[in-house]
Every structure is written in structure tokens, then in C-alpha cells.
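Participant: For reference, the structure I am asking about is given below.
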Amino acid sequence: MDSPRQSKNRNREPKRSQNQSSTPPQKDAYARLLSQHCSSKFSLYLEQYAKDTAFQREGNGPTTLLKVQSDRQNIPQRKRDQVPNDFSDSSDFSPSSLKSKGEESSLSLYMEKLSTRGAQPDCERKQGVSERQRWGQRRDTATSHDGDVESGEELSTLKPNDSRKHQKQQKKSKDSNREVTSKETDSFVGHPQSPKKASTSGQEQEKMKKSKKKNLPKHPEEEKSGEGTSKSGFDTQMSPYGKDNTLQQSRASSANSPAEKSKNKGGRGSKKQVFESYMAFEEVSHGLKRGELIQGQLRINPKKYHEAFIPSPDDIRDIFLDGIVARNRALNGDIVVVQILPREQWKVVRSDTDCDGTSESESLKENMVQKKTARTPRPDVTVEDQHSDQDELICKVQNTTLTDTGEPLEDPSTPQPNGEILQKTAKVVYIVEKKHSRAVTGFLKFLPDKPFAMFSPVDHRVPRINVFLADCPEDFSSRPGDYSNTLFICRITSWAADSNFAEGQLAKTLGQAGEIEPETEGILIEYDVDFSEFSDEVLDCLPKNLPWTIPPEEMRKRRDLRKECIFTIDPSTARDLDDALSCKQLPDGNFEVGVHIADVSYFVGEDSALDAIASQRATSVYMVQKVIPMLPRLLCEELCSLNPLTDRLTFSVIWKITPEGKILSEWFGRSVIRSCVKLSYDHAQSMIEAPEKMFSAEELPPADPEHPIDEIHQAVLNLHSIAKNLRAQRFSGGALRLDQLKLSFTLDKETMMPQGCYVYQYRDSNKLVEEFMLLANIATAHHIYSRFPELALLRRHPPPKTKMVDELQELCDQLGIAIDLSSAGALHKSLNTTLGDDKYTSARKEVLTHMCSRPMQMALYFCTGVLKDAQLFKHYALNVPLYTHFTSPIRRYADIIVHRLLASSLNCGPSLGLSTEEVQKQASHCNDKKTLSKRVQELSSELFFGVFVKDCGPLDSEAMVMGVLDQSFDVLVLRYGVQKRIYCKSVAGLESFHHRKVGKKSELTLVWTPEDPEKASEEQVISIFTLVEVQLKADGAPMKYSAVLKRPEEDNS
């Protein structure tokens, strides 16, 4: 049914529809009334009329339901109604709704338009406040077990009073920003129709006019009628409701009077539609089933924020979303449903690397966010579930994506003779799950004569946000300059369809920009990391009698390994020690090797408050200067941590293994250990490098006197020897490791400011620990899968994107690099063959490793009962059929679930109280949190390096080119291992530059202005592996730095 706000905006159809039908003359009078009568009395009269009309409708129910449906999607009713045509804004064109519309007079429709306009200004501010309060409450209540605080916004359970809330939200966002640029709107919303879509017949026109009607939520009666929609293009979605064409045509004509047209051009009080309204859930569900719509995770290019991508179901090349309008208010990381645009609007690209944004090197981190679609859709495969509060609805949408039995979308043509490729383009029609936190750091700017301030996010992928002055600091309006360098956190509360800008509320003042702690807090909030103190309810789950000792009855249930020579090897700063090793030589010459993991599941009872917070956090987050723990510190650093000379509960895997690394037997079980020493990687490395040396007690940390230092030393050497053999077997068997440079810092102990930085060295001691952790994880994966084939939580790594691999192979062939990308093992072998034999060999390997990382996908947790094809379980990089995470339960929740499964399989713990769907839900949440945690870690490192450059710079270094675009190129700064982009237009002393591409090889020629006017200009060719000299300098912006290219004559190479 029509609501007052629905009919309000039918008068703003994009320009293309204004001449589509004739206009009944009687409408002109009311159209003139609309523009002439804006007095408060008249508005009040109209408002009352609209209320009466709405009340009559609500007696029949559908209007309230419609609003509730709207609220379920978090689409304010006024947002949905902004499409400015009588028939293009609304989804409700089922027979029942059309019948009721037909009973309304033209006057009632126009009165409602006027009432919603005239009544708004008086109450919008007050209602805006209540909206913001409501938003805050929903963030809390919508937090589901997968920790996505926004997920409930999309498909929350319907509540009768939600319609009233939405009326407030409608009014609140009206004042957001009236200076809407219309250029983008015209080019997208009212895009010229293709010859294929355009038709001169009245019926075809009607179908086109209804295109955006379908983007609105429908009440149940209407949803039932929406199943017949056919394959849809950009503007056109065919309607099966031909019998109501007469009424639709009548409504069509009513919307195209001269007065209506004049209003569309910006009559008083009118606002132009910027975004299309979202489709209804039922329609999305049917569209996914029929293969007309595609679901995926949105990735926005951080350097070119008008570019966005989602993975294509065929996994050939990503689907491109051009501009903010196409994204339709979705933010980076959101799970969205898109509609493919007509073929003539597809993007012409020159290579597949352009098809997914990987021409932007920094976007790799964003591009490798886990894919949410199956590689090959098949009826019996469900790869990944994203759950919101209404799990079955989300699952329904998800499953229709993965069990697509409809007609496949038309495939792009093969590359043209000129090398050009057509890339599909799309627009967002629905947001399934808001993965983005909607919280951003940024700065507040004062706007004279406006009731709001402008919030400018630091992350340009997020829109500017209007913040009401009432929410700003008290003296902001009078002294805005005092806040010019103050960093705030702002949460987006709404984003109207008729505004380029979102609306938001300041959540927190962080402090001065450029200071590490405010910036760090901003990163944590923006990436939805819970760093709050643990609640009393959670802390009540911990043991009370401290110092805690292992109860005698628990000791009797376990294998006692306290007298064995067991030790930990960790980073020197580590305090959460969750793994220990042992190695004892047997009389027959073989070894008994043990991996002992902290038994966290003993302390974290299933369904406890402690379990709930751990599952929600899902991972500890490691930053340069601190750790945000998954569990309370009493567990992380004390009761669970395998600290030396202390009895600790563990889960052990013990093998009988030959010196060559062949496993003869295997034992799993709960145990008790007493670590004899806490070794750092440096300690273990020095032992490996000096096998004959007798270490003194002063050279090592305190050790248990029952185990002499030489016994510990020999155990380390034996483990190292076995690990080398295991490693050699893995790589000869086809495994792959892509090592990328990692920056580490030395910090001042008092100020925690960076004193120095260095590239972290991955050495034999690291490899030793890694090898046995991998062995334990692989063994555990096989064990739990054999016992629980429907419930096991495993970790899979899909193979790289085929088209991108082919592109890379072609590029390497052109560059003369002999690289074999046919398999993980082949790639590893060719990466480790020398790339030249000089001091830059390792640099070339780093660049090539980076290039090879681009096609790679992220590894994913999953539940085995959800994926029916065991071939999809495989871990590509490790080249093993089954893999899981068992070895870090203090910092990863997935490992706790694996421990519970293991305990249950060994009859030393209760059965897991989770269904297949619940395990998959938690697995999906762990994937999300792991990705965010990784990004936070990277941002923390960037933050500290920015401070280091500011305090110690400028810093000179050689750099190697790792990617070339048409106006910029990316370099790996060799001394510090950081990657930076250099923009040709900002290079001082550059006369000109030009770009050319031969095959896959991209090349820039820089023409330098001669320092001596009598000399000729000097050219510098930039291509992959080119060596250049750069200088890292602090930027004007806090914590930011840039790489400045030096003139080639200063190049020492």
C-alpha cells in the first residue's frame, strides 16, 4: 500500500521518464498548488489529511507491514520513496496493492506529498535525536554470536512498533544535505537506455518505468507476487502484472505533467534522488535463485575509492562497480547483492589485473578479503554462510547464491585482437550484511549557516558525514579552529537515498591527530575491535582461589608429562605462551616428539559468559605496542600460558618419528606439563648456529635444574634436524610459502615510541616451530574429521584465480622470468631459483613474491558438514587435503572449538553443543575477525613507521619497482620493506611522462627537466624490477609519509 511518504516522491523520476506519456490536465492544478502553498497552516491541513488517509489504510494492515519491512532492511521509508516518479519508486505493484491504489484519488496522492514535505522541518531535529538513540540501542541488541554488530540491521525480526520508529528516521534524515550534486545521479539513476532495452510500445515503457519500483521492500502479500520477475538489466525489470497496466499507465501519465517536470528540475523543497531504493528481500531471494543477481563481498579500492569490486561466481574476473552511486550506500567489506548492468555499460579493460583493482598495490590487503561465493556454483555446495540475527533469511539468500540453478549470466566476450577485455559492471540492489563497522576516524569541519558540521573521514572509501551541531562539542560553533587537529570517531547512523552524504553522530573524541594512542584507538574502533575491559560476569567465570593449582581429580584424568624435557620457543616479548615442544631420543634411534598446547577449553566452558565474549572477539589483535586479548589476562598470561617451572594443563600430540621425519605412531590426549625453560627465537637460533657450544646459565633464561642446559640444547638440535627433513618433504611434495617482508620496531620502554625499525628475519628457529605446529594441525584435522565428518571445523585454502594466474604467467614470460604457475609446488620451486646473482636477487624475489600473491585467495575456516565436496577442503599452499588450527587456543577461538571436538573424540570431554550450521556461523565470524585483525596489525605498523619517518626522517633508500600504472608506479623500499606509490604528477623536476603497454608489460617513461638549461632532457624508463632511489618524507597530514623519487643521476646503481 502507499504510505504518505511513498507517494511523496513519485514526482522525481529521472529525466528520461518525463516524456513517456501524456498527462491528465486535472493534475496541473494540484501541481501548481504544490509549488504555491507552503504555509504552515496549509501544511498542517495536508498533514492531517495524510494522517487520516494513512489511518484508513492501516486499518487493513498492509501500510504498517510495509513500513516494518522497510525497517527490517534498515531502509528509512523516506529513503525508499525518493525515486521521483509515480511508478518508479515503489515496489508495491502486486494486484492487491494496485487495487488499493486505484481506489485513491489523485488528490490524496498529492496531499500526501505535500503533507510529508510541509510537516517535516518542525520536528526533524527532535526526531533526529531519537533516531540516534535508537541506532545506539540497535547496535547493542543486534550483536549476534558472529559478532557482527550491524548484521541485525538488515533482516531483524519484525516488530510492530518499528513502523513508528521509521517515521522518525524518515523525517530525521531530511535535513542532511540539500546541496546534492545531480550530475552523478543523472548519469547513473537516469542512464540512457540501451537500444536493446528501449521500446516505443506503451507496455514496454511501463515495464521500464517500473524498474525502480522493484527496489522497494514489500509487505508479505506483495512479496508473494514478486516471484515472476524476469532477467533484469540496468533500468529494466519486467513485471508479470500485465493485467494492471491500465492503472499503471494512468499513474504514469499523472507523474509527467509540466508541473511535475518543473519540480523535477529543482522546484522549491524538492530533492533529487541520488541512490536507488533497495530491492525487497523476496525479490532478492528469487533473483539469486534465478541467477539474475549476484551476492559477494564489496571491496573498495583504497587509492581509487570510486572503484569497487565483488568476486564473480565464475571466478574468472571480478565484477566492477563504478562510482559511489553504483555502491548504493554499501561500505567496504559489506556483503551485497548486485545486479549486472547491460552489456553496453560494461567496462573495457586491457588486462585481467585491471579487472579486480590489483593495479593498486595497497589494495591487495583489501582485495584478499575472503571470498563469499563458491568457485563453481553447484547444488550440493555451500561454501560460506554470513549470518545476521535472522539466520534463516540470510542463509536463504546465501544458499541461493551457492546453489544457483538458474540461467548463468551472459559471459563476457573473449579478449579482442587489440587485447581489450569486457568486464561486467553492476550496481548494488541490496545489502545482506553490514560487515563494515560504520565507525570511522576523521576531522570535523565547520560549515557557516548550516545546522550541521561536516565530518571528513580519514578513510576516503567512507563518505563525508553530516553531524548535527547539537552533537558537536559545545564551543565548536564559536571556536571551530580549536578542533582542526582533533581526531574524532563518528558513527554513521543513516544515509538517505536523496543525499550524497551520510548522517552520523560523534561517538568519541580521541585526542590530537598524530599522537599514537588516539590514532590507535581510532583504528580499533573503526575495525570493530572490542578493547573494552572484561565484564564482571565474564571475570566470574575464572578460578577464584589464587594462586590456582590443578585439582587432584583433574590430574588423575591426564597423562603426567611434568618430568619430561619440555620447553617453549616464542618471540622474546611474548606473554601468551600456548605451545611447547619436547624431543626425546629412543633406544632404537627414533625420537618421541611432542607438541603440547595450552588446554584453554578446560577454563572456557561452553555457553558461559567467558565463552560468549571469546567467540565474539574470535582472535587476539596484535599491534606494535600492545595486544588486545581474546581472553582475560589471567588466562592469557597466567593460568593457560605455559610459563616455565609451573604445572600447566595441556592437550598433547606425541609422535614416534624417525630422524628422517617419517611418522611411525601418533597419540592424542589431555596432559599436564611443566615447561623447563622459556626460550626466545634468538636463544634457539644461537643454539642451532652453535651445535658444539656449551651454553652457560647466564646466556639463557632461568631453567629447571632437573634438565641441564646441554639436554635442552640437544633437544633443540634434534628438533631442528627433524624439522629440516619434514620441511624438505613438504616442499618436494608440492607446498608453497610466499614470504613477504615484515617491519618490526624497537620501542622506548617508557614512552613506547619507536626508536628504530628493522625488517624481521625469518630464521631456522622460526621454521623449526612452524614445522611442528603444521604437523600437529594436519594430524588434528585428520583426527577430528574422521570422528566428526559433519561437524569438524577445518581450514581450507582455495587455489588462486585462474585468469589472474594466466595474466601473471604471460607477464613473466614477457619479462623473461622463468616461472611456473601450474601448481603451488611448481611456483615455490621457480620462486626459489635465482633471479640473477647479485645483491638485488633477494629484492627481485620480494617483488616477484608480491606479484604472485595477487592472484592468491585467503584461507578460510569452514564446517565440513556444509561443504559436500571433499575436494574443496584442500589447502592449496600447504598442498594437504585436510588442515585446521589447533595450536593457538589462547589467541584464536577456532582452536578452542577444535579442542572441544578433539576432547569429545577422545572421550575426555563432553560432546560439542553446536550444530553444523552453528559451527559454520562461528567459522565465518572467525574469518571476518581474522581479516580485520590482520588489517589492524598492518595499520598499526604503518602508524609507527609514519612516526618514525617524522622523527628520524627524511630517510633515503634504494627501491625496486613492483608495479606500473598509467600515471604512477609502486615501489618496494628495500631498506625498510614498505611499499609506496609514487605519482608522476607530483614528482618535482619532471618535464613530462608517458605510458605505454606492450602485451602485459607496462612501462612509464619519465622525462626530467635538465638542471643545466643547455643540456637535453633526460629520460628514465620505469618498469618492473627497475631500481630507483627514493626519499621517505613526512607529509603535512599527521602520521603520513610519502616516497619522493630522486633524479636518476643520483641513482647509484
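Participant: Rounded, prolate or oblate for region 562-611? Axes are the square roots of the Cα gyration tensor eigenvalues, ordered a ≥ b ≥ c, and the cut-off for rounded is a/c under 1.5.
Facilitator: oblate
Participant: Determine the principal axes of the Cα atoms in region 888-950, then give the extent along each, sorted from largest to smallest and rounded to whole angstroms.
Facilitator: Extents along the principal axes: 58, 23, 10 Å.
Participant: Along its principal axes, what span do the Cα atoms of region 630-735 show, with the longest given first and each in whole Å?
Facilitator: Here the Cα extents, ordered largest to smallest, are 43, 35, 26 Å.
Participant: Using θ = phi - 60° and the Karplus curve 6.51 cos²θ - 1.76 cosθ + 1.60, what whole-Hz ³J(HN,Hα) does each residue of region 456-473 get, with Gly and Pro shown as x?
Facilitator: The phi angles translate into 9, x, 5, 7, 6, 6, 9, x, 5, 10, 7, 10, 4, 4, 4, 8, 7, x Hz.
Participant: Right, another one. For region 788-797, in order, what is each residue's ³J(HN,Hα) by Karplus, 6.51 cos²θ - 1.76 cosθ + 1.60 with θ = phi - 60°, in whole Hz (x at glycine and Pro)?
Facilitator: 10, x, 9, 10, 5, 9, 10, 10, 10, 10
Participant: Sticking with this one: Residue separation times 0.36 nm, minus the C-alpha to C-alpha distance between GLU790 and ASP459: what's the value?
Facilitator: Between GLU790 and ASP459, full extension yields 115.0 nm more.
Participant: Under 5 Å between amide hydrogens, which residues at least 5 positions from LEU293 or on another chain qualify, with H placed 1.01 Å from N in the peptide plane?
Facilitator: LEU288
Participant: What nm value, rounded to one decimal, do you get for the distance between MET858 and PHE1025 when each label is placed 7 Å out toward the C-beta?
Facilitator: 3.3
Participant: Then there's this: Rg (Å, one decimal) plus Dmax (Å, integer) for the alpha carbons of region 859-997?
Facilitator: So, for region 859-997, Rg and Dmax equal 23.2, 75 Å respectively.
Participant: A follow-up question, please. Using modelled backbone amide H atoms (1.01 Å from N, in-plane), which distant-in-sequence or interchain residues come within less than 5 Å of PHE468's amide H?
Facilitator: Close amide H contacts, sequence-distant or interchain: ALA453, GLY504.
Participant: LYS584 versus LYS839, label points 7 Å from Cα toward the beta carbon: distance in nm?
Facilitator: Those two pseudo-labels are separated by 5.1 nm.
Participant: Using a 1.4 Å probe on the protein heavy atoms, what percent of the accessible area of region 709-790 belongs to carbon and sulfur?
Facilitator: 50
Participant: Can you tell me the relative contact order of region 680-763? Whole percent, Cα pairs under 8 Å, sequence separation 6 or more.
Facilitator: On the way: 45 pairs, mean separation 16.9, N = 84.
Relative CO of region 680-763 lands at 20 percent.
Participant: Same structure, new question: Dividing the Cα convex hull volume of region 501-611 by residue count, how many Å³ per residue is that? All intermediate terms of the calculation are to be shown ahead of the outcome.
Facilitator: On the way: hull volume 28.2 nm³, N = 111.
Per-residue hull volume (Cα only) is 254 Å³.
Participant: Related question: Can you work out ³J(HN,Hα) from phi for every residue in region 1019-1036, in order, using Karplus 6.51 cos²θ - 1.76 cosθ + 1.60 and θ = phi - 60°, giving whole Hz and x for Gly and Pro?
Facilitator: Calculated HN-Hα couplings, in order: 9, 10, 8, 10, 9, 4, 6, 5, 8, 9, 9, 10, 10, 8, 10, 5, 8, x Hz.
Participant: Just to confirm the filter: which GluC sites (Glu not before Pro) across region 628-707 are DSSP coil and have at most 15 other Cβ within 10 angstrom of their Cβ?
Facilitator: Taking region 628-707 and a limit of 15 other Cβ atoms within 10 Å, the loop GluC sites (Glu not before Pro) found are GLU660, GLU692, GLU706.
Participant: Moving to a separate point now. From a point 7 Å beyond the Cα of ASP764 in the direction of its Cβ, which residues of region 561-591 have a backbone N at a distance under 18 Å?
Facilitator: 569-570, 583
Participant: Can you tell me the length gained on complete extension of the stretch ALA470 to GLU666, counting 0.36 nm per residue apart and subtracting the Cα distance?
Facilitator: Length gained, ALA470 through GLU666: 63.9 nm.
Participant: Subtracting the Cα-Cα distance from 0.36 nm times the residue separation, let me have the gained length for THR802 to GLU1011 in nm, one decimal.
Facilitator: Values: separation 209, 0.36 × 209 = 75.24 nm, distance 4.79 nm.
So the extension gain works out to 70.4 nm.
Participant: Right, next: State, to one decimal in nm, how far the label point of ARG575 lies from the label point of ASN718, with both points 7 Å from Cα in the Cβ direction.
Facilitator: Output for this residue pair reads 3.4 nm.
Participant: Continuing with this model, one more query. Gap in Å between the Cα centre of region 453-472 and the Cα centre of region 730-793?
Facilitator: 40
Participant: Okay, next question. Note down the Stokes-Einstein diffusion coefficient of region 939-1023 in µm²/s, whole number, using a Kirkwood radius over alpha carbon pairs, 10 °C, and 1.306 mPa s.
Facilitator: In µm²/s, the coefficient is 109.
Participant: Hey, with R₀ at 56 Å, roughly what FRET efficiency would ASP482 and LEU906 work out to, going by the Cβ-Cβ distance, to 0.05?
Facilitator: 0.30
Participant: Semi-axes, largest first, in whole Å: what does sqrt of 5 times each Cα gyration tensor eigenvalue give for region 427-578?
Facilitator: After diagonalising the Cα gyration tensor, the semi-axes are 48, 19, 16 Å.
Participant: Probe radius 1.4 Å, ligands and nucleic acids ignored: give me the carbon and sulfur share of the accessible area of region 894-1053 as a rounded percent.
Facilitator: Details: 3110 of 6620 Å².
Roughly 47 percent, rounded to a whole number.
Participant: Please give me, ordered by residue number, the trypsin sites (Lys or Arg not before Pro) of region 592-654 that lie in loop per DSSP and have at most 15 other Cβ atoms within 10 Å. It would help to have the intermediate numbers written out before the result.
Facilitator: Details: sites: ARG617, LYS626, ARG633, ARG648; in loops: LYS626.
Those satisfying the criteria are LYS626.
Participant: Rounded, prolate or oblate, given the Cα gyration tensor of region 438-519, with a/c below 1.5 counting as rounded?
Facilitator: oblate
Participant: Please report the Cα spread of region 701-828 along all three principal axes, rounded to whole Å, starting with the longest.
Facilitator: That works out to 59, 49, 31 Å along the principal axes.
Participant: A further question on this structure: Can you tell me which of 563-569, 1014-1020 comes out highest on packing, and rank the rest after it, using the mean Cβ neighbours within 10 Å?
Facilitator: 563-569, 1014-1020
Participant: Once amide H atoms are placed 1.01 Å from N in the peptide plane, what residues at a sequence separation of 5 or more from LEU878, or on another chain, have their amide H within under 5 Å of its amide H?
Facilitator: Residues meeting the amide H criterion: LEU736.
Participant: Highest mean first, what order results for 682-688, 730-736 on Cβ atoms within 10 Å?
Facilitator: 682-688, 730-736
Participant: Taking R0 as 35 Å, what's the FRET efficiency between LYS563 and ALA728 from their Cβ-Cβ distance, rounded to 0.05? Intermediate values should be presented prior to the final figure.
Facilitator: Details: r = 33 Å, r/R0 = 0.94.
It comes out at approximately 0.60.
Participant: How much space per residue, in cubic angstrom, does the convex hull of the C-alpha atoms of region 742-901 take up?
Facilitator: Details: hull volume 25.3 nm³, N = 160.
So the per-residue hull volume is 158 Å³.
Participant: In addition: Which residues in region 674-699 place their backbone N less than 20 Å from a point set 7 Å from the Cα of SER744 along the Cα-to-Cβ direction?
Facilitator: 678-690, 699
Participant: If you don't mind, there's one more thing I want to ask. For region 701-750, what does the alpha-carbon gyration tensor say about shape, rounded, prolate or oblate, given a ≥ b ≥ c as the root eigenvalues, a/c under 1.5 as rounded, and a/b over b/c as prolate?
Facilitator: oblate
The values are calculated or read from the model by the stated rules, or taken from the named source; none is laboratory data. Keep in mind the model is a prediction, meaning the values are calculated, not measured. Cβ: placed from backbone, ideal geometry, glycine included. Neighbour counts: every protein chain shown. For accessibility, only protein heavy atoms count, side chains too; no ligands or nucleic acids. Shrake-Rupley method; radii C 1.70, N 1.55, O 1.52, S 1.80 Å.
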